[in-house]
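Visitor: Mind looking over this structure? Questions follow.
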Number of protein chains: 2
Amino acid sequence: MSKYDVKLKTYKNPNQDVIDDLVQRPAIKKEELSNIVQGVFDSVRKNGDKAILALTERFDKVKLDQLEVSKAEYIDGSSLISDELKDAINLAYANIKLFHQSQQLESKKIETTQGVTCWQEARPIERIGLYIPGGTAPLFSTVLMLGIPAQVAGCQEVVLCTPPNKDGKVHPAILYAAQLCGIKQVVKAGGSQAIAGMVLGTGTIPPVYKIFGPGNQFVTAAKMKGLEYGVAIDLPAGPSEVLVFADASANPAFVASDLLSQAEHGIDSQVVLVTTDESMIEKVNVALNLQLENLSRANTAAIALDHAYVCVFDTVEASYDFINRYAPEHLILGSDDANDHIGLIQNAGSVFIGHYTPESAGDYASGTNHTLPTAAYARAYSGVSLDSFVKKITFQNITKSGIQNIGPAIMTMATNEELTAHANAIQQRLDTL
Amino acid sequence: MSKYDVKLKTYKNPNQDVIDDLVQRPAIKKEELSNIVQGVFDSVRKNGDKAILALTERFDKVKLDQLEVSKAEYIDGSSLISDELKDAINLAYANIKLFHQSQQLESKKIETTQGVTCWQEARPIERIGLYIPGGTAPLFSTVLMLGIPAQVAGCQEVVLCTPPNKDGKVHPAILYAAQLCGIKQVVKAGGSQAIAGMVLGTGTIPPVYKIFGPGNQFVTAAKMKGLEYGVAIDLPAGPSEVLVFADASANPAFVASDLLSQAEHGIDSQVVLVTTDESMIEKVNVALNLQLENLSRANTAAIALDHAYVCVFDTVEASYDFINRYAPEHLILGSDDANDHIGLIQNAGSVFIGHYTPESAGDYASGTNHTLPTAAYARAYSGVSLDSFVKKITFQNITKSGIQNIGPAIMTMATNEELTAHANAIQQRLDTL
């Protein structure tokens, strides 16, 4: 017997009204947060580094002499972590780099009309800011997920902000990962004040064009505020999510382990099971309670599972109708037929195919990015990829004969849109030919 | 002698402080707009179609019986425009389609570690909304620029909103372009109420996942409001811009015609000339005044040119330092050496290379998209492309030997991040092998 008594709420062939409710995500009190964060922005604008230092003392309970990680502390990072962890990080680094390198734009020149050539070229975003949350554990994996594509893209100025621990230090594993990614500046700043710093610039923190990284609701609100100030962000963010699809071929212990690895993130984690095999539910419930026994964050996971649920559908098609409506951040396919389901997937952040592909793999080391759209944003947004760190600029080159070929059509269109200066720009050129 | 007396303000080798001022764009009164637009959203949420009809009567001065363009009116579109215009639109359609088709993701499967395979697949955004502004002229070109990539991507539900004219009709050229793009639903709604309709849904207008299209400051504020409601948008928008680089090889008449074709868009158009040849300025000024004589929107253009300016730099490098700081929406290279300058460009929306490549070509028919980042957003944003209409979902497939290869590293990393359930998901699987 387990000391836990988790039991997933079950919905059998839910109707559309129920589905409409089930796919909802928790709402956030935006208004209130926006006002608090505006105060932080105003303070950082007025007092720069001093404001960040004061807010760090207040929220992180540590008094710093300087915001930036010193060269000595930075270099020490690699000597303060075990070789085992270093090797693991190195393996993840290599896989993530390889996959993101494969995403490089292959510029294709297209002659759309004789003498009219169009193409795209990628350019790195010159100045970016990465935010790595603090908390009990050092999220060095997120440093890799943001730092590697920035490095592959060739972003020129990269600043990493992360809150200091109680000793005023940054965890050496974060520093080691940052070094691997070639990041030159690490700043001890967290929360909305770090985001405000990267939006507005301070003595220590340079203003950036785009901010990446996860965080709590204050960080998210600050990133949304950044948008108003003209700074781009990676993704709007919400609590992390997993949806596991399991048919009769699924291994209940694997399914339970995947649900738990999402549930341990936080009490607001979104955990959903979809199955075509009703008998799977009881087996998963048993496995959940068994495995909870051995988890360090079992209490968090158990609370998160309290609002988790399972939907049973009669058919695979109905299952994917629901999955696409839900648009999960992580979608795990626990099925012998998983490969046949790929074509059914319309909305998801990252997909894990087959029994031996847990979400943990993508979280750390398979090579895919773990910064993904939550809160049903997967209906319209991609996760972070190399694309997120570049602009694709379009180019066109038109020869004299090219402008003769398309010029008259342009003049007709411009004239019909009553933009005669647009037509004139063509006429001026045609007149010389 | 021209009746106009336009003279571009001139800055010679401006220093950094002056440059900081020059690259600023006009500020927008966001707060006030946001409140007005919130009122429209509240009204549309409460009264749906009725609210849209009432606001259309108020702002567009026309009382409609129904919001949706009827089948008969839609089909009539193609018979009510000239063959000349139809042919021009058809040519543009073919070029734009060809270039956007070339942007399709070529899915590459990458084996990052033996047994660990990662790849991306694109999926269309299922429900999108296109906004086409009204005004004196029908912007059918924008229908093509948004409708074609939506069609190439395979977006399943596309609604197009555009305000009706005084007779309660939509211009046939807009309807013809929409037909070409396979758009099934055209709705007579404009302004922030149209955007609110696409965000919230009404009886006639379906709610969408992403909204595209230009518009005035109310439309822009409504799109930003849509972001708060969880709907994605194409780009934050501001007044349109051109920056022309001209060296001694440039043709002053061509340069003037390109500046004018931007200036005629509106009195707030941003028009900038950068040159390495001081003698070019007077020649361009003369050409501007001459060409203004023959333009239907000369008064608008003349007002816009009033806040236009020219920067003279001693070197090509200094010119591109400025250009990259400015990050223009449209960048025209009037130089025999234009091809050699491509590598110097870091920030721009779309680039027009050489003397016979006017912006008008990209606005209508070269094949590139004309929905581009303004207001220096080109530092962090790409223009609209096929990417804007799809999500790139990542997939991973791990074999039994694959999880044996990367599992231990994942467990090490997860344990160091104090996420033992993540490690457990690996262990559960390794235990069976």
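The values are calculated or read from the model by the stated rules, or taken from the named source; none is laboratory data. Only a predicted model underlies this, so the values are computations on that prediction, with no experimental measurement involved. No Cβ is skipped: glycine too gets one built from the backbone with ideal geometry, and neighbour counts run over all protein chains shown.
Visitor: Can you find a residue in segment B:372-388 that is in contact (Cβ under 8 Å) with a residue 24 or more places away in the chain, within 21 Å of the chain's Cα centre (by Cα), buried (at least 24 other Cβ atoms within 10 Å of the Cβ) and in a strand (DSSP E or B)?
Guide: No, that holds for no residue.
Visitor: Would you pick out the residues in segment B:352-371 that are within 7 Å of chain A (Cβ to nearest Cβ) and either surrounded by fewer than 24 Cβ atoms within 10 Å (Cβ to Cβ) or on the phi > 0 side of the Ramachandran plot (or both)?
Guide: B:I353, B:G354, B:G367 - these are the residues of segment B:352-371 that are within 7 Å of chain A (Cβ to nearest Cβ) and either surrounded by fewer than 24 Cβ atoms within 10 Å (Cβ to Cβ) or on the phi > 0 side of the Ramachandran plot (or both).
Visitor: Could you tell me which numbered condition B:G182 fails, if it satisfies all but one of (1) surrounded by fewer than 23 Cβ atoms within 10 Å (Cβ to Cβ); (2) more than 22 Å from B:K97 (Cβ to Cβ)?
Guide: For B:G182, the exception is condition (2).
Visitor: Could you identify the single residue in B:E84, B:E68 that is away from chain A (no Cβ under 14 Å) and either loosely packed, with under 14 Cβ neighbours inside 10 Å or on the phi < 0 side of the Ramachandran plot (or both)?
Guide: Values: B:E84 fails: away from chain A (no Cβ under 14 Å).
Within the list B:E84, B:E68, the selection yields B:E68.
Visitor: Could you list, in sequence order, the residues of segment A:195-218 that are surrounded by 21 or more Cβ atoms within 10 Å (Cβ to Cβ) and either basic (K, R) or farther than 17 Å from A:N369 by Cα (or both)?
Guide: A:I195, A:A196, A:G197, A:M198, A:V199, A:T202, A:I205, A:V208, A:Y209, A:K210
Visitor: A follow-up question, please. If you take the residues in segment A:244-264 that are buried (at least 24 other Cβ atoms within 10 Å of the Cβ) and of a type in the set (A, V, I, L, M), which one is farthest from the chain's Cα centre (by Cα)?
Guide: This residue is A:A250.
Visitor: How many of the residues making up segment B:1-19 are in a loop (DSSP other than H, G, I, E, B), of a type outside the set (D, E, K, R) and surrounded by fewer than 11 Cβ atoms within 10 Å (Cβ to Cβ)?
Guide: Within segment B:1-19, the first condition is being in a loop (DSSP other than H, G, I, E, B), and the residues that meet it are B:1-8, B:13-15.
So of that shortlist, the ones also of a type outside the set (D, E, K, R) come out as B:1-2, B:4, B:6, B:8, B:13-15.
In the following step, the residues that additionally are surrounded by fewer than 11 Cβ atoms within 10 Å (Cβ to Cβ) were identified as B:1, B:15.
Matching residues across segment B:1-19 total 2.
Visitor: Can you give me the number of residues within segment A:228-275 that are of a type in the set (A, V, I, L, M), within 12 Å of chain B (Cβ to nearest Cβ), touching a strand residue (DSSP E or B) at 6+ places or on another chain (Cβ under 7 Å) and part of a loop (DSSP other than H, G, I, E, B)?
Guide: So the answer is 1.
Visitor: If you don't mind, there's one more thing I want to ask. Quick one: which residue in B:A414, B:A365, B:A375, B:A409 is modelled with pLDDT under 95 and not hydroxyl-bearing (S, T, Y)?
Guide: B:A375
Visitor: Checking B:K225 against (1) in a helix (DSSP H, G or I); (2) facing chain A (nearest Cβ under 8 Å), which single condition isn't satisfied?
Guide: Tallying (1) in a helix (DSSP H, G or I); (2) facing chain A (nearest Cβ under 8 Å), B:K225 fails exactly one: (2).
Visitor: Another one. Restricting attention to segment A:104-123, and to residues there that are facing chain B (nearest Cβ under 8 Å) and in contact with a strand residue (DSSP E or B) (Cβ under 7 Å, 6 or more places away or on another chain), which single residue is surrounded by the fewest Cβ atoms within 10 Å (Cβ to Cβ)?
Guide: A:K108
Visitor: Please go through segment A:160-182 and pick out each residue that is under 19 Å from the mean Cα position of the chain (by Cα) and β-branched (V, I, T).
Guide: The answer is A:T162, A:I174.
Visitor: Is it the case, given these coordinates, that A:V316 is within 26 Å of A:K7 (Cβ to Cβ) and either among the basic types (K, R) or surrounded by fewer than 21 Cβ atoms within 10 Å (Cβ to Cβ) (or both)?
Guide: Criteria met by A:V316.
Visitor: When segment B:331-371 is examined, which residues are found to be over 16 Å from the mean Cα position of the chain (by Cα) and of a type in the set (D, E, K, R)?
Guide: B:D336, B:D337, B:D340
Visitor: State all residues of segment B:20-33 that are surrounded by fewer than 16 Cβ atoms within 10 Å (Cβ to Cβ), in contact (Cβ under 8 Å) with a residue 60 or more places away in the chain and part of a helix (DSSP H, G or I); if no residue qualifies, say none.
Guide: B:K30
Visitor: Turning to a different aspect of this structure: Please specify each residue of segment A:403-430 satisfying the condition of being part of a helix (DSSP H, G or I), out of contact with any helix residue (DSSP H, G or I) (no Cβ under 6 Å at 6 or more places or on another chain) and at the interface with chain B (Cβ under 7 Å from one of its Cβ atoms).
Guide: A:I406, A:T420
Visitor: Which helices (runs of 4 or more DSSP H) sit wholly inside segment A:296-360 and have at least 3 residues that are farther than 25 Å from A:Q16 by Cα?
Guide: Because the criterion is at least 3 residues that are farther than 25 Å from A:Q16 by Cα, the helices (runs of 4 or more DSSP H) in segment A:296-360 that meet it are A:298-306, A:338-341.
Visitor: Within segment B:126-177, count every residue that is of a type in the set (S, T, Y), more than 17 Å from B:F389 (Cα to Cα) and at pLDDT 95 or above.
Guide: Our first condition is that a residue be of a type in the set (S, T, Y); within segment B:126-177, this holds for B:131, B:136, B:141-142, B:162, B:176.
So of that shortlist, the ones also more than 17 Å from B:F389 (Cα to Cα) come out as B:136, B:141, B:162, B:176.
Checking the rest, the ones that are also at pLDDT 95 or above come to B:141, B:162, B:176.
Of the residues in that region, 3 qualify.
Visitor: Looking only at segment A:389-401, count how many residues are at the interface with chain B (Cβ under 7 Å from one of its Cβ atoms) and crowded, with 22+ Cβ neighbours inside 10 Å.
Guide: Number satisfying all stated conditions: 7.
Visitor: Moving on. In segment B:148-175, what residues are of a type outside the set (V, I, T), under 25 Å from B:L53 (Cα atoms) and buried (at least 24 other Cβ atoms within 10 Å of the Cβ)?
Guide: Those that are of a type outside the set (V, I, T), under 25 Å from B:L53 (Cα atoms) and buried (at least 24 other Cβ atoms within 10 Å of the Cβ): B:L160, B:C161, B:A173, B:L175.
Visitor: Which of the residues spanning segment A:389-402 are under 23 Å from B:D258 (Cα atoms) and either part of a helix (DSSP H, G or I) or under 12 Å from the mean Cα position of the chain (by Cα) (or both)?
Guide: Result: A:K400, A:S401, A:G402.
Visitor: Might you check whether a residue that is modelled with pLDDT of 95 or more, farther than 12 Å from A:I393 by Cβ and within 7 Å of chain A (Cβ to nearest Cβ) occurs anywhere in segment B:313-335?
Guide: So far as segment B:313-335 goes, no, none of its residues is modelled with pLDDT of 95 or more, farther than 12 Å from A:I393 by Cβ and within 7 Å of chain A (Cβ to nearest Cβ).
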